[in-house]
1. Quick check: from the Cα gyration tensor, does the range 121-193 come out rounded (a/c under 1.5), prolate or oblate?
2. Can you list, bin by bin at 5 Å, the percent of alpha carbon pairs in the range 323-391, starting at 0?
3. Could you tell me what percent of the DSSP beta bridges with both partners in the chain are antiparallel, to the nearest 5?
4. If you plug each phi of the range 30-45 into the Karplus form 6.51 cos²θ - 1.76 cosθ + 1.60 with θ = phi - 60°, what whole-Hz ³J(HN,Hα) values come out, in order, with x for Gly and Pro?
5. Along the Cα-to-C-beta direction of ARG82, a point sits 7 Å from the Cα; which residues of the range 172-209 have their amide N less than 18 Å from that point?
6. When the Cα atoms of the range 37-251 are enclosed in a convex hull and the volume is divided per residue, what value in Å³ results?
7. Give me the dipole magnitude in Debye, nearest 20, for the chain about the Cα centre, with unit charges on the beta carbon: positive for Lys and Arg, negative for Asp and Glu.
8. If each residue's Cβ is checked for other Cβ atoms within 10 Å, how do TYR38, TYR266 rank with the fewest at the top?
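Derivation of every value follows stated rules applied to the coordinates shown; laboratory data play no part. Because the structure is a prediction, the values reported are computed rather than measured. Cβ: placed from backbone, ideal geometry, glycine included. Neighbour counts: every protein chain shown.
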Amino acid sequence: MKILSSAAAILAGALLAAAQSVRPAPLQESPYFGGNVYVFNPRMPVDQIQRTVDRIAKGQIDNQFGSERYALLFEPGTYGSRANPLNFQVGYYTAVAGLGARPTDVVINGSVQVRNRCFRGACVALDNFWRSLSNLTVNVASLDSGCNAGEIWAVSQAAPVRRVRVAGGAFKLTDVCSAPSYASGGFIADSEFEETVINGAQQQFMVRNSKLENWSNGNWNQVFSGVLGAPPGCPGTVSGCAYMTLATSPVTREAPFIEMDSRKQYQVFVPSVQSNTVGPSWANHPTPGVSISIAKFYIASPEDGAARINAELRAGRNLILSPGVYHLDHSIVVARAGTVVLGLGFATLIADNGVIPMTVTAPKGVSISGVIFEAGATRSPELLRVGDEHEPVKGAAAAPQSVQVLRSADFG
């Protein structure tokens with residue numbers, strides 16, 4: 001060990017103090033989102049990722065009434081290649097999302113597919129609910145050929161596509177590999193497609209604030225709001241008209257999402273309310289909004305009761321619901337303005353004994369996304385209560401409540 005002279009020691013101490021004064025804050029530990037949240041990084045071998053996503057898909061493709069829930073999160077980077085693409089299917093209660101600030105920060109060379117399910121000899125997408133794709137780019141590549149190749153998203157409601165860019169191939173909303181291939185609706189927002197979106201047998205579809213190269217066809221009802229390249233609309237009196245087209249979206253707020261910054265720190269980005277918008281929010285500039293540190297969130301698990309969750313909300317924290325089924329004997333109460341409630345992997349709140357699973361009493365600015373609300377054996381008066389119909393909130397138009405609920409079901 002070297003011993004410094006007194007003058008050298010004083011100088012060294014001053015330099016050390018100066019260095020410490022500009023040293024960045026210590027990094028937080030990575031949060032634990034629950035056992036059914038898988039976080040992939042581009043350093044992982046593609047084969048390893050492939051085995052994991054295939055295993056989850058195998059268990060979830062027919063698991064319509066199961067309790068398993070999953071979130072598959074991809075750190076910024078590139079996954080797969082033309083020679084070795086990453087192709088996988090997405091089953092029930094599975095959310096696939098990138099962790100970048102922009103959809104172009106996460107690139108999958110391959111495909112993320114939803115295919116028909118077959119019943120009594122008929123293969124359709126009519127029951128393909130409860131799955132999502134968000135915040136990433138798919139460069140379409142496949143080792144398959146013909147109808148099995150490409151980006152196929154054959155769904156029917158409660159299966160949103162948000163903040164997605166698709167390049168190098170068509171985005172197919174119908175699986176034509178098996179007949180009769182019926183599909184019954186879906187939702188796309190804040191996305192960009194460099195080649196044709198093939199509507200095919202989709203009966204209806206809603207597209208908002210996106211960019212299209214071409215939309216193949218319409219059947220019953222296709223709605224476009226603030227979409228660049230949307231097909232022209234036609235008056236409702238025109239027989240057989242399938243398109244309703246709005247030039248701009250009057251008021252929108254995109255869903256919040258988890259992102260990872262350059263220091264690999266997690267945060268939740270909350271987009272701002274926007275007016276009279278056209279096209280993707282991220283195309284020409286960063287999406288307007290604010291980032292909230294993950295440290296300001298309580299990450300709940302299905303083992304938590306409403307009392308524990310409410311205590312964390314009262315303490316001023318936001319809420320992330322890790323994947324799973326939450327049985328609630330009391331209502332979760334969101335009372336603070338601006339609170340963010342974000343469900344991962346289709347977190348499901350079930351009302352026991354007829355309670356209301358969630359009640360929002362905050363005056364304005366609450367954002368709820370990615371949650372399924374489900375009634376129990378005893379009928380509930382509501383599954384989600386926001387505000388009081390007898391007391392309208394003043395000034396809430398500037399900071400409205402926003403709800404991106406995946407599905408509500410009442411079996412009482």
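1. Oblate.
2. 4, 19, 26, 24, 19, 7, 1
3. On the way: 15 of 101 bridges.
Beta bridges within the chain, antiparallel portion: roughly 15 percent.
4. Here the 3J(HN,Hα) series is 4, x, 9, 8, x, x, 9, 9, 10, 10, 9, 10, x, 7, 6, x Hz.
5. Label zone hits: 194-195.
6. Details: hull volume 26.8 nm³, N = 215.
In the range 37-251, the Cα convex hull volume per residue is 125 Å³.
7. For this selection, approximately 720 debye.
8. TYR38, TYR266
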